[in-house]
Structure formats: C-alpha cells, structure tokens
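Below is one structure, written out as structure tokens; the observations come after it.
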Amino acid sequence: MTTFIDSPEDKQWLLDVHLSDCQLPPFSVASFEGNADSPESITLYEVNHINSLTLTLQPDPNGNFKHNQARY
C-alpha cells in the first residue's frame, strides 16, 4: 500500500521518525510503501507534479534510512 503525505505536520513526522539520520533536499510530497512504522521504501518528490524529480530511499538491514546527499 502506498501512502502519500504533504502536510507540514506529516512531513515533520516522517523526518523525525524515519529520516533523522539523512541529509535531504527540500521536498513537497513524500510517499511510503508498506506500514508507517516500518516502511519498505520512502520516496520524496521535489514538487507536487507528475514530472517531479524524485529520491527513493530503501532501509538498511536494520530498518534504518540513511542518505548523505543533499540533491535529487
């Protein structure tokens, strides 16, 4: 199941809970696959448009998301 989030509160929750160890570019919308507590992947969308640049993150074997690139 894919869940899309775009509210400031939901985006902050995503940053605090799953992406706190990541250096990320600004994003307008995010989606995650699977359960909110343990997503299978997280995709960030630069803008809310079908042609948006995206960045998809996969968890490591421990379920942690890591990213150190501040670009799409």
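Just to be sure I understand the model, the point goes 7 Å from the Cα along the line to the Cβ. What's the resulting Ser7 to Ala36 distance in nm?
The answer from the label model is 0.9 nm.
Using amide H atoms built 1.01 Å from N in the peptide plane, name the residues 5+ places from Leu53, or on other chains, whose amide H lies under 5 Å from its own.
Glu46, Val47
What is the Rg over Rh value, at two decimals, for the chain, using alpha-carbon atoms and the Kirkwood definition of Rh? If you can, show how the numbers build up before the last one.
Numbers: Rg = 11.2 Å, Rh = 12.2 Å.
Dividing the radius of gyration by the Kirkwood radius yields 0.92.
Among 11-21, 54-64, how do they line up by average Cβ neighbours within 10 Å per residue, starting with the highest?
Details: 11-21: 14.5, 54-64: 11.7.
So the order, starting with the most tightly packed, is 11-21, 54-64.
Using Cα-Cα distances under 8 Å and only pairs 6 or more residues apart, what relative contact order does the chain have, in percent?
Values: 117 pairs, mean separation 22.3, N = 72.
Reported relative contact order: 31 percent.
Computed from the coordinates by the stated procedures, all read-outs in this text should not be read as laboratory data. None of these values were measured; they are calculated from a predicted model. Glycine gets a Cβ as well: all are built from the backbone with ideal geometry, and neighbour counts include every protein chain shown.
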